[in-house]
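Input: a single structure, listed below in structure tokens.
The values are calculated or read from the model by the stated rules, or taken from the named source; none is laboratory data. All values reported here derive from a predicted model rather than from experimental measurement. Because the Cβ atoms are built from the backbone with ideal geometry, glycine has one as well, and the counts that use them run over all protein chains shown.
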Amino acid sequence: MLISVTVLVLIALIVGFVTSSLRIWIDRVFVALLLLTMGHLHIDTAVRVNLLVLLLAAASHGLLRREGWLWGAFARFPSWEGWAAVIAGFAGGALGRLWAHSLSTAILIGILGAYAVAMGLRLLFVKPGAGKPEPEHPSWIAPISLGAGLFTGLISAGGKPFAVPLYNWAVGHKMPVAYAIGTFGTIAAAAGAVFGEYVYGNGFSVAMWTTALAIWVGVSIVAWLTDLIWSPRLMKIVAILVALTLITIGVKFLLQVA
């Protein structure tokens, strides 16, 4: 593996607890941040490992979380909207990987830092909306999914924390539907990014796959245990703490490349 057992355990404990507390089951940008700060990996290696973690989390989401309703969600909105999110997400993930290989390490760290700050602010200030009886701008689904997919390919951040509120507020979907569309887009973006890395980049070594698999298993176990004690109050407390931590780490990254 690319990291020590101690770092692996710490990542599993932190990310498993946070993702379960915040109900963020797929988007594991926290892993990339910890691989950089605690694992001391190069950002390209950290992103590629986290892409595999993201793919494993996405592929297992419906099975391990038993969210069968997710796969029946196409009945809640026109199927073309779901396919628009899937196709655009896959393309965004692949293009993001291609784009990432043309950027310097400093720029990628800056993008990751900016994303961390934005995600922290989103946790603090952006609340779910009621949606609309009839979504007003369904044509925006593909561009939103494409944009989220680009972040997936660039820095292994699924983009779902931003895509879902946009589907909710800008498109007008109610939260369950916005969440479903965002999930489909993230799953596709993860697959597209991994595909793009094999096509445009250096692929993934056995050590990367081993590290990603170990992180995914550890995070999944801790997330399952945390789910047993979950409560809305826990979610609110963790959201504030995580938001402040993300902003602090993001600012630190931005100052490094300033």
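For the reader, a short list of remarks on this structure follows.
- Flag if PRO143 is assigned to a loop (DSSP other than H, G, I, E, B) and farther than 23 Å from LEU56 by Cα: no
- Candidates in segment 147-183 are the residues that are part of a loop (DSSP other than H, G, I, E, B), under 13 Å from the mean Cα position of the chain (by Cα) and not aliphatic (A, V, I, L, M); of these, the one that is farthest from MET1 (Cα to Cα) is GLY159.
Rundown of residues vs (1) out of contact with any Cys (no Cβ under 9 Å at 6 or more places or on another chain); (2) at pLDDT below 85; (3) assigned to a loop (DSSP other than H, G, I, E, B); (4) among the aliphatic types (A, V, I, L, M), yes/no style:
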residue: SER20; (1), (2), (3), (4): yes, no, no, no
residue: LEU35; (1), (2), (3), (4): yes, no, no, yes
residue: TRP69; (1), (2), (3), (4): yes, yes, no, no
residue: PHE74; (1), (2), (3), (4): yes, yes, no, no
residue: GLU81; (1), (2), (3), (4): yes, yes, no, no
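- Checked against (1) surrounded by 24 or more Cβ atoms within 10 Å (Cβ to Cβ); (2) in a loop (DSSP other than H, G, I, E, B); (3) of a type outside the set (Gly, Ala, Ser), LYS132 meets all criteria but (1).
- Here is the figure for segment 154-194: residues that are at positive phi and modelled with pLDDT of 90 or more total 1.
- Meets criteria (more than 18 Å from GLY182 (Cβ to Cβ), at pLDDT 95 or above and assigned to a helix (DSSP H, G or I)) for ILE107: yes
- Just one of the numbered conditions (1) touching a residue at least 60 places away in the same chain (Cβ under 8 Å); (2) out of contact with any helix residue (DSSP H, G or I) (no Cβ under 7 Å at 6 or more places or on another chain); (3) within 18 Å of THR19 (Cβ to Cβ) is not true of VAL222: (2).
- When segment 135-151 is limited to residues that are among the hydrophobic types (A, V, I, L, M, F, W, C) and surrounded by 21 or more Cβ atoms within 10 Å (Cβ to Cβ), the one that is farthest from GLU197 (Cα to Cα) turns out to be ILE141.
- Residue among ALA88, ALA114, ALA100, ALA94 that alone is closer than 25 Å to GLY192 by Cβ, touching a Phe, Trp or Tyr at 6+ places or on another chain (Cβ under 7 Å) and hydrophobic (A, V, I, L, M, F, W, C): ALA94
Residues are listed down the side, and each one gets a yes or a no for (1) farther than 23 Å from THR19 by Cα; (2) of a type in the set (Gly, Ala, Ser); (3) without any contact (Cβ under 8 Å) to a residue 12 or more places away in the chain:
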position	(1), (2), (3)
PRO138	yes, no, no
GLY147	no, yes, no
GLY158	no, yes, no
VAL164	no, no, no
TYR198	yes, no, yes
THR226	no, no, no
SER231	no, yes, yes
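- Against the test of being out of contact with any Cys (no Cβ under 8 Å at 6 or more places or on another chain), surrounded by fewer than 24 Cβ atoms within 10 Å (Cβ to Cβ), part of a helix (DSSP H, G or I) and in contact (Cβ under 8 Å) with a residue 24 or more places away in the chain, the options THR210, THR186 yield a single qualifying residue, THR210.
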